[in-house]
Amino acid sequence: MRVLLVAPNASARMGGEAILPLHWLRELRALGVDARLLTHVRCKEEIDASAFAGMPVHYIEDSGAEREIWKFRQKSKGIAWRLGGFSLQLTSMIRLGKEARKIADRDGIDLIHQVIPVSPRLPSPVTHPRIPVVIGPLNGNMTFPDGFATSYGDASEEAEGLARKLSAPMHSVFGGKPKAARVLVSNERTAAGLPDGVDASRVVEFVENGVDLSLWQDERPMADGPARFIFVGRLVNWKALDILLEAFAQLGGDETLTICGDGVERAAWQKLAGELGLGGRVRFLGAIPQADVVREMAEAHCLALPSVYECGGAVVLEAMALRRAVIASDWGGPADYVRPETGILVPPTSRDQFRDDLAEAMRSLGSDMERMRAMGEAGRQRVEEHFAWKMKGERMLALYGEVLAK
């Protein structure tokens, strides 16, 4: 079976959905599939220096239009910045769709799989008159909790609303999703965001994120307290780390908080930590290699993720794979992963209530090491049963077989 994976980005460094094409390339080839990847040349240097060097990867070069849109985004904020991102993705996807058809015809590809973008509303130009196309898993159609968009949205909801209005008629021009043999969605929220014209019989629920258990594994038992909490992610406004810092300040004991990640809000949040008198109890490590993240998480007791606009949240699954308890917002992706036996979900009802409830969750778990250990064991079991990449690869291969059989 020859499969062409299509993605505008394929990178571990970029974060977010960009890493998904690399996971699929690895898992499918391990299962004997002749899988190839088509992506943008901006990913070439990283891929050539990684374990994927030597694998069949095709690249499109940068275009003048993409460079101009990129320059525009560097000068933009809020809604203009987000709409620039929408335009950049669509421009790249038009070019990738054209190149995918060329490669498919030239190399005898059996199936084309557009892995990302994961947005259910973004039009897809990836089509072929004879070869079936699979798209996804998609994950999106997010909104902010009531009362959070103004402070944490950076015009996200306005931009999303405008992008949705613009994208609706585009699906008749770029008909990748309505024409796809299968459209994979992570949840009902995402399915509700699909464009009109997508045949419901072709929509399959399939979890977007997964865990490479060979990487996210540490057999050391969880140490005793004081409780050590950890946050992992980009330091951008909708991650709501300021609320977590304020909640953590309420504990007032010997607990510690380690923050792994970097972003535009880092300076402001470091300043806030100082103003809250957290001193040596909070460490900002910046962006660190994945191996170091694994070590830091293994040395912690509990992941804390207060995001208020998290479609996925792979870090939740990674913490569970390391047998660590989880405290997360009861909103978006984390709510799909965390169960009462693996962690605590905190509803973001209002900013003050969310802060106080996060503090209570940390206080409750931080004083009960045995409960955290039990949650960690349950989390590992849940990941092994539902989110291991090897298992996801096997399920995807079976789905390919069903599509090709028809």
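The values are calculated or read from the model by the stated rules, or taken from the named source; none is laboratory data. As the structure is a computational prediction, the values presented were derived from the model and not from experiment. Note that each Cβ is placed from the backbone with ideal geometry, even for glycine, and that neighbours are counted across all protein chains shown.
Evaluation of ASP242 against the conditions (1) within 23 Å of SER329 (Cβ to Cβ); (2) within 17 Å of the chain's Cα centre (by Cα); (3) acidic (Asp, Glu) shows that the sole unmet condition is (2).
Counting the residues of segment 70-125 that are aliphatic (A, V, I, L, M) and at pLDDT 95 or above gives 9.
For segment 69-90, a residue qualifies if it is surrounded by 14 or more Cβ atoms within 10 Å (Cβ to Cβ) and of a type in the set (D, E, K, R), and the qualifying residues are ARG73, ARG82.
The set of residues from segment 345-377 being surrounded by 18 or more Cβ atoms within 10 Å (Cβ to Cβ) and under 18 Å from ALA321 (Cβ atoms) comprises MET372, MET375, GLY376.
If you go through segment 298-315 and pick out every residue that is under 19 Å from LEU358 (Cα atoms) and not in a loop (DSSP other than H, G, I, E, B), you end up with 5. Examine segment 316-335 for a residue that is assigned to a strand (DSSP E or B), touching a residue at least 24 places away in the same chain (Cβ under 8 Å) and either surrounded by fewer than 24 Cβ atoms within 10 Å (Cβ to Cβ) or among the β-branched types (Val, Ile, Thr) (or both), and state whether such a residue exists. Taking every residue of segment 316-335 in turn, at least one turns out to be assigned to a strand (DSSP E or B), touching a residue at least 24 places away in the same chain (Cβ under 8 Å) and either surrounded by fewer than 24 Cβ atoms within 10 Å (Cβ to Cβ) or among the β-branched types (Val, Ile, Thr) (or both). Close Cβ contacts (under 6 Å, 6 or more residues apart or on different chains) running from residues in segment 289-307 that are assigned by TED's automatic domain parsing to the domain that holds MET372 to residues that are of a type in the set (Asp, Glu) comprise ALA298/ASP218. When GLY32 is tested against (1) surrounded by fewer than 18 Cβ atoms within 10 Å (Cβ to Cβ); (2) part of a loop (DSSP other than H, G, I, E, B); (3) in contact with a Ser or Thr (Cβ under 8 Å, 6 or more places away or on another chain), exactly one condition is not met: (3). Can PHE72 be described as over 30 Å from VAL3 (Cβ atoms) and either aromatic (Phe, Trp, Tyr) or not assigned by TED's automatic domain parsing to the domain that holds GLY175 (or both)? So PHE72 passes the test. Residues that are within 21 Å of LYS102 (Cβ to Cβ), of a type outside the set (A, V, I, L, M) and out of contact with any helix residue (DSSP H, G or I) (no Cβ under 7 Å at 6 or more places or on another chain) within segment 28-47 comprise ASP34, ARG36, ARG42, CYS43, LYS44, listed in sequence order. For segment 202-228, the candidate set comprises residues that are modelled with pLDDT of 95 or more and over 21 Å from the mean Cα position of the chain (by Cα); within that set, the residue that is nearest to PRO120 (Cα to Cα) is ARG202. Restricting attention to segment 260-282, the residues that are outside any loop (DSSP other than H, G, I, E, B) and out of contact with any helix residue (DSSP H, G or I) (no Cβ under 7 Å at 6 or more places or on another chain) add up to 11. So which pairs qualify, if the first residue must be in segment 178-194 and buried (at least 20 other Cβ atoms within 10 Å of the Cβ), the second must be among the acidic types (Asp, Glu) and assigned to a loop (DSSP other than H, G, I, E, B), the Cβ gap must be under 7 Å, and the two must be at least 6 apart or on different chains? Note: pairs meeting the criteria are SER186/GLU208.
I'd like to check something: does segment 82-100 contain any residue that is in a helix (DSSP H, G or I), touching a residue at least 60 places away in the same chain (Cβ under 8 Å), farther than 23 Å from LEU37 by Cα and of a type outside the set (Ser, Thr, Tyr)? Yes, there is a match, as at least one residue in segment 82-100 is in a helix (DSSP H, G or I), touching a residue at least 60 places away in the same chain (Cβ under 8 Å), farther than 23 Å from LEU37 by Cα and of a type outside the set (Ser, Thr, Tyr).
Going through (1) buried (at least 20 other Cβ atoms within 10 Å of the Cβ); (2) of a type in the set (S, T, N, Q); (3) not in a helix (DSSP H, G or I) one by one, THR143 falls short only on (1). Screening GLY279 on (1) surrounded by fewer than 16 Cβ atoms within 10 Å (Cβ to Cβ); (2) more than 19 Å from the chain's Cα centre (by Cα); (3) modelled with pLDDT under 95; (4) under 22 Å from ARG324 (Cβ atoms) shows it passes everything except condition (4).
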